[in-house]
C-alpha cells in the first residue's frame, strides 16, 4: 500500500518522515527555549524528541535496514543503495547515543 505523501513510499516511511520533520521543529523550539533561558522547557522538549526518536528507530528504521540492506551488505557494500543507508544508520546511531548520554 502506498503512503499518503504520493511518493510511492510505504505508509510507514511517510509516517516516519512526517514525524521526523515534526521532531526537527520541536528541536528548534527547544533551542529557542534555551536561548530564552527556559532550561526546564528546553530539557523536556529535547529529551522527549530523543525518546520518541528511539522508538522510531526501534520500530521503523531498524526493521527496514535489516530487511532491505543487511542481507546483501557484505557483497554489495560499495553500491550506493547499500552504502548510503549504512552510513546514515551509523551516523544516526552515534547521534542518538550521544543524545541519550546527554539526557541521562
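Of the residues making up the range 48-67, one or more are over 19 Å from residue 91 (Cα atoms) and at pLDDT 95 or above.
Rundown of residues vs (1) free of Cβ contacts under 8 Å to residues at least 60 places away in the same chain; (2) loosely packed, with under 13 Cβ neighbours inside 10 Å; (3) under 14 Å from the mean Cα position of the chain (by Cα); (4) not in a helix (DSSP H, G or I), yes/no style:
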residue: 21; (1), (2), (3), (4): yes, yes, yes, no
residue: 30; (1), (2), (3), (4): yes, no, no, no
residue: 48; (1), (2), (3), (4): yes, no, yes, no
residue: 54; (1), (2), (3), (4): yes, no, yes, no
residue: 58; (1), (2), (3), (4): yes, yes, yes, no
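Among the listed residues 102, 94, 84, identify the single one that is under 19 Å from the mean Cα position of the chain (by Cα), modelled with pLDDT of 95 or more and part of a helix (DSSP H, G or I). Result: 94 is the single residue among 102, 94, 84 that is under 19 Å from the mean Cα position of the chain (by Cα), modelled with pLDDT of 95 or more and part of a helix (DSSP H, G or I).
The values are calculated or read from the model by the stated rules, or taken from the named source; none is laboratory data. Everything quoted here is computed from the prediction, not taken from an experiment. As a convention, Cβ positions derive from the backbone with ideal geometry for all residues, glycine included, and neighbour counts pool all protein chains shown.
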